[in-house]
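Taking it in order: structure first as structure tokens, then the write-up.
Any read-out appearing in this document is the output of simple, stated calculations on the displayed coordinates, not a laboratory observation. What you see is a predicted model; the values in this text were computed from it and never measured. We place every Cβ from the backbone using ideal geometry, glycine too, and count neighbours over all the protein chains shown.
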Amino acid sequence: MNRLFTGSFLAMCFVALALCAPANAHAATDICSTSAVVTSTNAPNGPTILPNIFDPHGPAARMIHDLSWLVLGICGGLFVVVEGMIFYGVIFYRRKKNDKNVADPRQVYGSNPVEIAWTIIPLLIVFVLTLTTVRTIRAIELTEAPEGALQVVVIGHQWWWEFRYIDPSIPGGEVVVANELHVPINRPVWLRLESADVIHSWWVPALAGKMDVIPNHTNHTWFTAETEGLYLGQCAEYCVNQHAGMLLRVIASKPVDFDAWLQTQAAPAVNDMTVAMGRDIFQEYACSNCHTVKGVSDGQFAPDLTHLMSRQTIASGVAPLDPTTLRAWIENPQALKPGCNMPSLQLDTQELNAVTAYLLTLR
Ligand code: HEC
Ligand SMILES: [Cu+2]
């Protein structure tokens, strides 16, 4: 009896897992991974929305959320019914102390009603789970941009994010920023996902499900942010060294605020003559080979710094952007983000101060 009990318990666990896994794989994995909470120097409007699939703030995330509850509900119900019957059998049909009857109980073979019941019910359950999952996936994985969508190209890099806004309304046609994605609320955002190196995964749980970011392959996803705020997310596909330090920040604001932000980003870099020395150092040292500052350098390897100071964090959300941290970062990036792809250029104190002063003018 004992062995039978353990056996059926294990079997049920496997069945429950198998039922949950395919439907939930999209939505409920890695719930425990969270983004580091960063203090910001110039906070966006609205609350900070943590990576939590149970707190959806847009249609795509809500569909995943509802489906997750349905799957959890069905699997939980099944678990309770089956385990309940097992416990009932084990407790009430145990052999009593003074029970002399050691023969097997009556065996039931080939009972049509029983066979039909345990074929039809699981079949129905699997049907419901499959159909609802397929319907949700189809609604989320749109193959064309929704009407009136803002289009952004997302490029995953080891270990930061590049965003390219492509829109005829932008002066110059394109705006390039890093790590902090600004979007207007209540307007669909259509993302084209590409990778510069290895496989990453885009995941801002309160806005939408995961989407892989694959080299030499373009994926698409979309979301609509319904409330103003700062949405945290992170890379959800192991991409070596600083995978955990590849955080995502989506700042959703009113359309007017978003437009104002976009105009600022489209403007050329500030050219402040009082920090000319810092700018010269930036150009002479390798900084300019890796980084773009529009009108000054055009390195494509690293984050665009044209409007660096309009961001709240550096190094993909790993550290707040303030003068002290910025200086420490330039002095030795490996201390703040070990293994990252920016070397320390061994600047002396004067050069370090000058470059930092220059970067601080790039609003
Ligand atoms: C070999 C290429 C390379 C060189 C040279 C380089 N950087 Fe970087 N830099 C990077 C990479 C890559 C990152 C992103 C690191 C990350 O987040 O993982 C970065 C990030 C930064 C950031 C943070 C940007 C942000 O928004 O997160 C600043 C500021 C910066 N670099 C300034 C400099 C300065 C100043 C110099 C010259 C003294 C310099 N870099 C030289 C590759 C380089
Ligand atoms: Cu990654």
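Observations on the structure shown:
- Summarising the amide proton neighbourhood of Thr313: residues at separation of 5 or more, or on other chains, whose placed amide H is nearer than 5 Å comprise Leu321.
- Each Lys and Arg adds +1 at its Cβ and each Asp and Glu adds -1 at its Cβ; summed about the Cα centre, the chain shows a dipole of about 1880 debye.
- Antiparallel DSSP beta bridges within the chain, percent to nearest 5: 65
- Residue-by-residue Karplus 3J(HN,Hα) for the range 148-162, coefficients 6.51, -1.76, 1.60, Hz, glycine and proline x: x, 6, 7, 10, 9, 8, 9, 10, x, 10, 6, 9, 8, 10, 10
- Computed label-point distance, nm, for sites Ile137 and Ala196 using a 7 Å Cα→Cβ extension: 3.2
- One way to sum up the overall shape of the range 152-301 is the equivalent ellipsoid from its Cα gyration tensor, whose semi-axes run 27, 21, 13 Å, largest first.
- Overall dimensions of the range 266-363 as given by Cα atoms, namely Rg and Dmax in Å: 12.3, 35
- Integer Hz, Karplus 6.51/-1.76/1.60 couplings in order for the range 226-239, x for Gly and Pro: 9, 10, 5, x, 10, 9, 9, x, 6, 4, 10, 10, 3, 10
- For the chain, the equivalent ellipsoid derived from the alpha-carbon gyration tensor has semi-axes of 55, 23, 16 Å in decreasing order.
- Percent antiparallel among DSSP beta bridges (both partners in the range 150-266, rounded to 5): 70
- Remark on Met246: its backbone amide H falls under 5 Å from those of Cys235, a criterion applied only to residues 5 or more positions apart or on other chains, H modelled at 1.01 Å from N.
- Among Ala61, Ala206, Ala328: highest mean-square fluctuation, GNM of the chain, C-alpha pairs under 10 Å: Ala328
- Packing-based exposure ordering (other Cβ within 10 Å, fewest first) of Lys97, Lys294, Lys254: Lys97, Lys254, Lys294
- Between Trp160, Trp69, Trp203, the GNM of the chain built on Cα springs shorter than 10 angstrom shows Trp69 fluctuating the most.
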